[in-house]
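The structure appears right after this line, and notes come after that.
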Amino acid sequence: MHKGLVLSLLFLVPGPTLAAEVIDPARIVSAATGDWDKNETADLALIVRPAEGSDEDNGVYLYLTGENGALALKSAIPNKVWGQFEFSGQAPVIEAMPNGSLLITSHNDSIGRDRWEQKLTIAYRNFEFVVAGYTYSSYDTLDPDKTAHCDLNVLTGKGKANDKPFATKGELVLLKDWNDDRGQRACGFQ
């Protein structure tokens, strides 16, 4: 990630259609650059921790580069991604994928006996950021037989849970409307 791009966030002011919020760079916990809208310019995605004292989850901020070369806030989604920073093994991450998608990973690798990892594949479709894929895995540190794994293509509804294929209704779900329970239900974990 380019440090200059992140530092320029100090001066970013969202467009008039989104709530004006200046992001304190100290709250940025993960960042990725890529070409989400396939216009051959670098776009930006951030995971931002909530303000001090808030009980919300981390927010996702998605910027697209406009015709003038400046980044414009396309989507501000507060309270979206679980993650803690007091202990190691619980910080969320956002990554750019080679195909132009984003991957948002949240996990618990350190506290309790139930360990898990969740990945959301985010794609830019019809001028919106949508959840294209949901992957979840978990295991119990005291019971090696207690594991779960699911991989779901949200757009087609086809998936595999614990090595068994399944199908559900495929749908176009905006990232801002996504709820992790939706993926858990589709995988049969709830």
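Observations on the model:
- Residues of the range 54-74 falling in the label zone of F85, defined by backbone nitrogen less than 17 Å from a point 7 Å along Cα to beta-carbon, are 54-61.
- Extended-chain gain in nm, criterion 0.36 nm per residue less alpha-carbon gap, L172 and S110: 19.0 nm
- For the options A32, A70, A161, a Gaussian network treatment of the chain with springs between C-alpha atoms closer than 10 Å singles out A70 as fluctuating the most.
- The alpha carbon gyration tensor of the range 81-190 gives principal lengths a ≥ b ≥ c with a/c of 1.5 or higher and a/b no greater than b/c, which makes the shape oblate.
- Shape call, the chain: gyration tensor on alpha carbons, a/c limit 1.5: oblate
- Highest-fluctuation residue, Y139, Y61, Y124 considered, GNM on the chain with Cα pairs under 10 Å: Y139
- One chain, two ends: A72 and R27. Fully extended at 0.36 nm per residue, the span grows by 14.3 nm beyond their Cα-Cα distance.
- Within the range 65-123, trypsin sites (Lys or Arg not before Pro) in DSSP loop having at most 11 other beta-carbon neighbours inside 10 Å: R113
- Ordering T147, T168, N179 by the projection of their Cα atoms onto the charge dipole of the range 130-190, which places +1 on the Cβ of Lys and Arg and -1 on the Cβ of Asp and Glu, puts T168 at the extreme positive end.
- Structure-based [θ]222 nm, the chain - -39500 (n - 2.57) summed over DSSP H runs of at least 4, per residue, nearest 500: -1500 deg cm²/dmol
- The relative contact order of the chain comes to 11 percent, based on Cα pairs under 8 Å that sit 6 or more residues apart.
- 3J(HN,Hα) along the range 47-61: 10, 10, 5, x, 4, 3, x, 7, 9, 6, 7, 5, x, 10, 10 Hz, from the Karplus curve 6.51 cos²θ - 1.76 cosθ + 1.60 with θ = phi - 60°, whole Hz, x for Gly and Pro.
- Approximating the spin labels as points 7 Å out from Cα along Cα→Cβ, the N179-to-E128 distance works out to 1.7 nm.
No value in this document is a laboratory result; all are computed from the given coordinates. Worth saying up front: this structure is predicted, and the values here are computed from it rather than measured. Ideal geometry is used to build each Cβ from the backbone, glycine not excepted, and the neighbour counts take in all protein chains shown.
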